[in-house]
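The values are calculated or read from the model by the stated rules, or taken from the named source; none is laboratory data. Only a predicted model underlies this, so the values are computations on that prediction, with no experimental measurement involved. Note that we place each Cβ from the backbone using ideal geometry, even for glycine, and neighbour counts take in every protein chain shown.
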Amino acid sequence: MNYNWHWKVLFEMEPGSTGTYVHYLLVGLGWTLATALAAWVIALAIGALVGTLRTTPMKWVVCAGNLYVEIFRNVPLIVQMFLWFFVVPEFLPQALGDWVKQMPPPWGSYVPAVLCLGIFTSVRVAEQVKAGINSLPRGQRMAGIAMGLTETQTYGTVILPQAFRIVLPPLTSEFMNVIKNSSVALTIGLLELTGRARAMQEFSFRVFEAFTAATVIYLLTNLVVVLAMRALERKVRVPGLIAADNAPQA
Amino acid sequence: MFSGFDFDVIQRSWTYLFMEGMTFTLTLTALAMAGGIVFGTLLAMMRLSSIRPVSMLASAYVNLMRSVPLVLVIFWFFFLVPYIGAWIIGAKEPVRVGAFGSAAITFTLFEAAYYCEIMRAGIQSIPRGQVWSGFALGLDYWQTMARIVLPQAFRNMLPVLLTQTIILFQDTSLVYVISATDFLGAAAKVANRDYRLVEMYSFVAVVYFVLSYGLSTLVKGLQKRIAIIK
């Protein structure tokens, strides 16, 4: 292939003269992580709640939970992004809608992106939490009730503390998905890592240098997340379960 | 709430949305599924190979594809495919590849990594005795794979493969970033031309929901039937 590599471009100034291209991309990584982490907080909160409610014996609550999961699982992420960015502000009360639309960049894209990703991911978290709770022996719940605990107390002191520790390993891959999925936010104008790699390619015409740099940054980020989560998994492992003896390596 | 809704824009652009946009989306999904499953199965066989370099190469490929965002992969191939094409046919200049060709190659290669993991689980779920009996009957590796292991693995994994295909169907909407005219792209073009963003994007969401939900219900039904036969 006759492509002339020109790696020095990474240390040239970007047109906005905020710094070199490397710096420009690393700020992008910052936005990627800021989006992913904020979305992850929302996803965990809603996901844990919805996942737990779907295991309760209350019929209509389970139905509502299933409806929530089906809606946000069956619409592509980019379409959900557009709904949050273009459609939702139109259905808000006039004053609030105008305020949302006039948010200065990058917040105008950041806020919808975080909400969208958070809710999109919460559905996946809810599925994992539900599976985690259902994987516990039925006797645990029965024992709780037999001891005189109320339903809420059983969940709070017996079921959830175990379930959350069981679902942690599968949640690692969900967290990596949030980081990757945050790149879809470039379609609503958020300059995160992939968006900045594309912008760099447009400014400098160095296509493959820009994308190689972004790819390497993503790979390193993944590596850090995997290592950190592995350490965390070791810490919260439930003693006595099969998983505790030979933990699955992510 | 829907008082200001202009349903007419959907009716006006119906043919364009479905004949052009949805056709693109479905053709791309079908091609990427077929190519992805074939390539993914080969990758799975490579990953399970006892020859170290082969299995390491396949693992590296799968892990690379799975740690990079799809949007970035789409960009990569959009620019890379013309160079690879030129390299293959020995041309001096990068060849011209349309959005569809580029997207088909991208999704085939990207989804192959995910289909590979599914097929690997499928192959691993077959008892080892099956392979031994194949060899004992005098079949070679390829015959054992093609006649004994893969048909069973494929059948066991069919619901998971189809679920992955529904994800692929949703993911094809990301070709928006290279301005391809898939279903979403077509809707976005109409939306921007007629300034009917609310109507078009809501409609797109409803159509995707109905199709994905319908397909996943079918897959669930299939899963039950397969489970009974086993």
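If only residues of the stretch A:1-51 that are more than 14 Å from every other protein chain (Cβ to nearest Cβ), under 15 Å from the mean Cα position of the chain (by Cα) and among the β-branched types (Val, Ile, Thr) are counted, the one that is surrounded by the fewest Cβ atoms within 10 Å (Cβ to Cβ) is A:41. Scanning the stretch A:197-211 for residues that are more than 9 Å from every other protein chain (Cβ to nearest Cβ) and of a type in the set (S, T, N, Q) turns up just one, A:204. Take residue A:88 and decide whether it is surrounded by 22 or more Cβ atoms within 10 Å (Cβ to Cβ) and under 30 Å from residue B:165 (Cα atoms). It is false that residue A:88 is surrounded by 22 or more Cβ atoms within 10 Å (Cβ to Cβ) and under 30 Å from residue B:165 (Cα atoms).
Regarding the stretch B:189-201, can at least one residue be identified that is over 28 Å from residue A:198 (Cβ atoms), of a type in the set (Gly, Ala, Ser) and surrounded by 18 or more Cβ atoms within 10 Å (Cβ to Cβ)? No: zero hits. Residue A:174 meets all of the listed conditions (1) more than 14 Å from residue B:71 (Cα to Cα); (2) buried (at least 23 other Cβ atoms within 10 Å of the Cβ) but one, namely (2).
When only residues in the stretch A:103-124 that are modelled with pLDDT under 85 and in contact with a helix residue (DSSP H, G or I) (Cβ under 8 Å, 6 or more places away or on another chain) count, which is surrounded by the most Cβ atoms within 10 Å (Cβ to Cβ)? Walk me through it before giving the result.
If we filter the stretch A:103-124 for residues that are modelled with pLDDT under 85, which is where we start, we get A:103-106.
From the residues that got through so far, the ones that are in contact with a helix residue (DSSP H, G or I) (Cβ under 8 Å, 6 or more places away or on another chain) too are A:103, A:106.
Values: A:103: 14, A:106: 17.
Of everything passing the filter in the stretch A:103-124, A:106 is surrounded by the most Cβ atoms within 10 Å (Cβ to Cβ).
Within the stretch B:84-110, the residues that satisfy the criterion of being more than 10 Å from every other protein chain (Cβ to nearest Cβ) and touching a helix residue (DSSP H, G or I) at 6+ places or on another chain (Cβ under 6 Å) are B:95, B:97, B:99, B:102, B:103, B:104, B:105, B:106, B:107, B:108, B:110.
Table: residues versus (1) surrounded by fewer than 22 Cβ atoms within 10 Å (Cβ to Cβ); (2) farther than 24 Å from residue A:213 by Cβ; (3) among the hydrophobic types (A, V, I, L, M, F, W, C).
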{"position": "B:67", "(1), (2), (3)": "yes, no, no"}
{"position": "B:75", "(1), (2), (3)": "no, no, yes"}
{"position": "B:80", "(1), (2), (3)": "yes, no, yes"}
{"position": "B:87", "(1), (2), (3)": "yes, no, yes"}
{"position": "B:94", "(1), (2), (3)": "yes, no, no"}
{"position": "B:99", "(1), (2), (3)": "yes, yes, yes"}
{"position": "B:115", "(1), (2), (3)": "no, yes, no"}
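If the condition is being among the polar types (S, T, N, Q) and in contact (Cβ under 8 Å) with a residue 12 or more places away in the chain, then the stretch A:57-101 contributes A:66, A:80. The set of residues from the stretch B:4-59 being part of a helix (DSSP H, G or I), under 30 Å from residue B:189 (Cβ atoms) and charged (D, E, K, R) comprises B:8, B:12, B:20. Listed by position, the helices (runs of 4 or more DSSP H) contained in the stretch B:134-229 that have at least 3 residues being within 14 Å of chain A (Cβ to nearest Cβ), aromatic (Phe, Trp, Tyr) and out of contact with any strand residue (DSSP E or B) (no Cβ under 7 Å at 6 or more places or on another chain) are B:197-229.
Residues being surrounded by fewer than 16 Cβ atoms within 10 Å (Cβ to Cβ) and touching a residue at least 12 places away in the same chain (Cβ under 8 Å): count how many of those fall in the stretch B:1-11. Working first, answer last.
Step one: filter the stretch B:1-11 for residues surrounded by fewer than 16 Cβ atoms within 10 Å (Cβ to Cβ), giving B:1-8, B:11.
Still in the running and touching a residue at least 12 places away in the same chain (Cβ under 8 Å): B:5-7.
Looking only at that region, the number is 3.
Summed over the stretch A:192-205, residues that are surrounded by 21 or more Cβ atoms within 10 Å (Cβ to Cβ) and either out of contact with any Leu (no Cβ under 9 Å at 6 or more places or on another chain) or not in a helix (DSSP H, G or I) (or both) total 1. Residue A:84: in a helix (DSSP H, G or I) and under 15 Å from the mean Cα position of the chain (by Cα), yes or no? No, not satisfied.
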